[in-house]
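**Q** Would you mind keeping the following structure in view while I ask a few things?
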Amino acid sequence: MFFSSLLQANALKPRIAELRPRLYRLAYAWCHDACLADDLAQEALIKGLKSAHQLKDAALLEAWLFSILNNCWRDHFRRQHPRADIEEIMELPADGPTPEQRHADNDLALRVRRAVAALPLGQRQVVTLVDLEELSYSAAAQALGIPVGTVMSRLSRARVALRDLLHESPAALHVLPTKTRSGQ
Amino acid sequence: MSTQQITEEELNAFVDGQLSTADRARVLEAINRDSALQRRVAEFQQTKALLRHAYEQPPQARESCSAKTLRLGQAWQALAATLLLSLGLGAGWFSHSLRTNTAHTLKGVVIQVSEADPAKWEMALINARNVRRAYGDQPMEVEIVAYGPGLNMLRNDSPVSAGLEDAQRDGVKLLACGNTMRMTNTAREDLNWLVDVVPAGIVEIMQKQNEGYAYVRP
């Protein structure tokens, strides 16, 4: 029993390491800060490698690793904003606009990232897990430790908000955001 | 009337392929009968495509911020070194692609048509033809990308059919969004024969922007 789980854990390690770019991308889509995303991805990767033996079902690897990333992210937030309601936090891109970014300011990709950054965190996490990582609703629920019904309602609200930001009033995204806002 | 039976969450689950076969059939039937639902589904699809492409190449962390990460145990340093190396390569490639993108000369114009408003369709066609004419024989690609409710512009029964032909004669490309066609059960034959189909309208627009096209939304 011990040996078989050890064998499985060892077999998982390369697969976990391979998920590094996706951990980074997801963390970036949550925080829009390259340095922080890199730290979070690294932290989640190391925790994942250390506790690989705790994963019961290898098919759930992605949701499991994303849940570790979520925990790292929450720990980070608790350190930064001890009193804020984490679900409602809106963190805007911390990377100041570089000359390249300013030049590409009307680039659609940047506008989309701004719109995502403007979503409350709870919605941002759900929509990135479902649309970006293509997780099923139940896997997303597992990764975030929330009920499937909450995944569905947040997703629905996130999509309406993104539509309003991207399709209806694209000009609104050109307004440069202030650094961090809290609450809705 | 069937709209009432479809919840907001079912519509999302439809787009995400999260419905059972029976529910999927029921929702699909309602969507086929209701143009407002079709519009919403097309919007969800676009948002999904946009999101994926927005994070396809996220900016990579610079070497300068990796210092914070060095609280790793010894056993992991070899692994981290490998990862940083691959990150470094990624960052080099990314900054290279940024340079080529920002130093561009204007290659063309991509015009977005996503609304069901014939006045905007006219405007798009006039803009497109004016650009083409202003540049005459000089290379300046002009394309109109229609998606969502804007797809109707390119249908056989479009009120601007004559304008489409004029624009095409002036060298304007007319492109229809394949995603919108699929979601609205639109066949190639339903569209003006001058039209070309691209897999996803929004993606086409983003790619052209990346290649150095100006983006215009009338």
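The values are calculated or read from the model by the stated rules, or taken from the named source; none is laboratory data. These figures come from a predicted structure and were not determined experimentally. A quick note on method: Cβ atoms are made from the backbone with ideal geometry, for glycine too, and the neighbour counts reach across all protein chains shown.
**Q** Being surrounded by 19 or more Cβ atoms within 10 Å (Cβ to Cβ) and modelled with pLDDT of 50 or more is the filter; apply it to region A:162-184 and report the residue that is farthest from the other protein chains (Cβ to nearest Cβ).
**A** A:Leu165
**Q** Here's a follow-up. Give B:Ala128, B:Ala116 a once-over and let me know the one that is assigned to a helix (DSSP H, G or I) and either at pLDDT 50 or above or of a type in the set (S, T, N, Q) (or both).
**A** B:Ala128
**Q** Taking into account only those residues within region B:173-218 that are among the acidic types (Asp, Glu) and surrounded by fewer than 19 Cβ atoms within 10 Å (Cβ to Cβ), which is farthest from B:Tyr147 (Cα to Cα)?
**A** B:Glu211
**Q** Only residues that are modelled with pLDDT under 90 and among the small types (Gly, Ala, Ser): list them for region B:131-157, please.
**A** Within region B:131-157, B:Ala134, B:Gly136, B:Gly148 qualify.
**Q** All but one of (1) modelled with pLDDT of 90 or more; (2) buried (at least 22 other Cβ atoms within 10 Å of the Cβ); (3) under 16 Å from the mean Cα position of the chain (by Cα) hold for A:Gln142; which doesn't?
**A** Here A:Gln142 meets the rest and fails (2).
**Q** Continuing with this model, one more query. With (1) closer than 30 Å to B:Ala30 by Cα; (2) touching a residue at least 60 places away in the same chain (Cβ under 8 Å) as the list, and B:Leu154 as the residue in question, which single condition is left unmet?
**A** (2)
**Q** What tally of residues in region A:118-154 results from selecting those that are part of a helix (DSSP H, G or I) and touching a residue at least 60 places away in the same chain (Cβ under 8 Å)?
**A** Final tally of qualifying residues: 11.
**Q** Given the criteria surrounded by fewer than 23 Cβ atoms within 10 Å (Cβ to Cβ), of a type in the set (Phe, Trp, Tyr) and outside any strand (DSSP E or B), does B:Trp121 qualify?
**A** Here the answer is no, as B:Trp121 does not meet what is asked.
**Q** Okay, next question. Please find, among A:Ala104, A:Ala94, A:Ala84, the residue that is at pLDDT below 80 and touching an Asp or Glu at 6+ places or on another chain (Cβ under 6 Å).
**A** A:Ala94
**Q** Go through region B:12-40 and count every residue that is out of contact with any Leu (no Cβ under 7 Å at 6 or more places or on another chain), within 11 Å of chain A (Cβ to nearest Cβ) and either in a helix (DSSP H, G or I) or farther than 17 Å from A:Val160 by Cβ (or both).
**A** Total meeting the criteria: 5.
**Q** Something else: Mind checking which residues of region A:36-64 are within 14 Å of chain B (Cβ to nearest Cβ), closer than 11 Å to A:Ala9 by Cβ and surrounded by fewer than 20 Cβ atoms within 10 Å (Cβ to Cβ)?
**A** A:Leu49, A:Lys50, A:Ser51
**Q** Any chance you could count how many residues in region A:22-35 are more than 8 Å from chain B (Cβ to nearest Cβ) and either charged (D, E, K, R) or touching a Gly at 6+ places or on another chain (Cβ under 9 Å) (or both)?
**A** Final tally of qualifying residues: 3.
**Q** When region A:46-61 is examined, which residues are found to be closer than 21 Å to A:Leu129 by Cα, without any contact (Cβ under 8 Å) to a residue 24 or more places away in the chain and not charged (D, E, K, R)?
**A** A:Ile46, A:Ala59
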